[in-house]
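Participant: The structure's right below; bear with me while I get my questions together.
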Amino acid sequence: MNTATLNTNRLWAYLQLTRPANIVTAWADVLAGIAAAGFAGFDNPLPVAWLLLATTGLYGGGVVFNDVFDAGLDAKERPERPIPSGRATFRGATVLGSVLLTIGVFAAAQVSSLSFSIACGVAAAALLYDAYGKHHTFFGPLNMGICRGGNLLLGVSILSPMLREHWYLALIPITYIAAITAISQGEVHGGKRSTGVVALILMGVVITGLLALGWLNKSYFLAVIPFVILLTWRVLLPFIQAVGEPSAENIRTAVRSGVLSLIVLDATLSCSFAGLPYGLLVLILLPASIILAKLFAVT
């Protein structure tokens with residue numbers, strides 16, 4: 001293998017660590033938060049760009065450190081991953097994760113001190129999850145949900161005063177991610193049906209909450225319904241299958257569908273506050289994420 005090919009493979013390995021398909025779902029979180037804040041991004045797109053860069057760094061850094069902390073375990077359970085396979089070094093991954101988190105916090109600081117504070121909180125929550133949280137049955141799902149809820153509020157922080165009015169929106173991605181994280185605990189060796197039932201109930205709560213939110217903003221309620229139907233189809237069916245037969249393969253399918261469908265969740269939220277066109281704009285990210293998911297691992 002020549003040097004150019006070796007360098008290309010190494011670069012690809014580090015790119016794999018950032019899970020690009022998942023980063024696109026993080027963009028959707030921020031865009032949904034911006035919609036909830038009522039920010040007119042077409043007049044001043046710079047803060048939007050800074051927040052999208054911020055969430056790219058925060059999410060990318062968080063998932064890179066996930067592999068850093070799991071390097072020993074992956075060597076036994078998933079030796080094909082970049083670090084245990086030797087395609088990426090432990091030190092290199094640590095540097096990459098640190099740089100990405102720093103970029104995320106720096107970019108958020110360009111918007112406001114509130115955005116900076118939220119970004120710091122998200123970075124800390126991500127590292128806590130990577131190092132400790134994911135090993136706890138209850139705290140792990142909650143910890144990961146807080147990361148996603150904070151990411152949504154990062155978008156809301158584009159207009160700082162709106163955070164007081166819409167802080168509760170973080171509960172939706174917190175519950176949604178808690179459901180996905182709960183069921184994902186069996187994606188290597190298979191899971192427990194009881195855990196799957198809890199995850200299914202949590203997902204039902206999310207869908208009910210989205211309908212209630214759409215009803216509160218009645219002018220957009222009819223536009224919200226198709227988004228909710230799409231989310232239900234994409235998420236509930238794989239979850240039900242995973243509960244019926246909690247094999248590792250079914251659980252991985254449910255987790256993959258749940259992660260990518262975060263974009264549908266965010267499109268639904270966006271539609272509730274900004275109408276059908278904005279919701280469709282966010283939904284456009286779904287095909288891009290699906291394509292990237294065929295090239296890079298999601299879980």
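Derivation of every value follows stated rules applied to the coordinates shown; laboratory data play no part. Please read all numbers here as calculations on a predicted model, not as lab measurements. A quick note on method: Cβ atoms are made from the backbone with ideal geometry, for glycine too, and the neighbour counts reach across all protein chains shown.
Participant: Based only on other Cβ atoms within 10 Å, what is the fewest-to-most ordering of V95, V235, V122, V68?
Facilitator: Lowest to highest Cβ neighbour count: V95, V68, V235, V122.
Participant: Moving to a separate point now. Pull out a ≥ b ≥ c, the square roots of the eigenvalues of the alpha-carbon gyration tensor of segment 82-220, then state rounded if a/c is under 1.5, prolate if not and a/b is larger than b/c, and oblate in the remaining case.
Facilitator: In terms of gyration-tensor shape, oblate.
Participant: Next up: Please compute, for the alpha-carbon atoms of segment 1-120, the extent along each of the three principal axes and give them in descending order in Å.
Facilitator: Sorted from largest, the Cα extents of segment 1-120 read 51, 30, 20 Å.
Participant: Using the count of nearby Cβ atoms within 10 Å as a rough guide to exposure, how do D67, D74, D43 rank from fewest to most?
Facilitator: Least crowded to most crowded, the residues run D43, D74, D67.
Participant: At 15 Å minimum axial length over the Cα atoms and a Kyte-Doolittle cut of 0.5, report the qualifying DSSP H helices in the chain, or say none.
Facilitator: TM-like helix candidates: 20-37, 46-69, 90-109, 113-131, 139-156, 171-184, 193-216, 221-244, 262-274, 285-295.
Participant: What 222 nm value per residue comes from the helices of the chain, counting each DSSP H run with n ≥ 4 as -39,500 (n - 2.57) and dividing by all residues, nearest 500 deg cm²/dmol?
Facilitator: After summing the helix terms and dividing by the residues of the chain, the value is -26000 deg cm²/dmol.
Participant: Right, next: Arranged by the count of other C-beta atoms within 10 angstrom, fewest first, what order do I23, I251, I103 take?
Facilitator: With the fewest neighbours first, I23, I251, I103 line up as I103, I23, I251.
Participant: Compute from the Cα atoms of the chain the Rg and the Dmax, the latter being the longest Cα-Cα distance, and quote both in angstrom.
Facilitator: When restricted to Cα atoms, the chain yields Rg and Dmax of 18.6, 62 Å.
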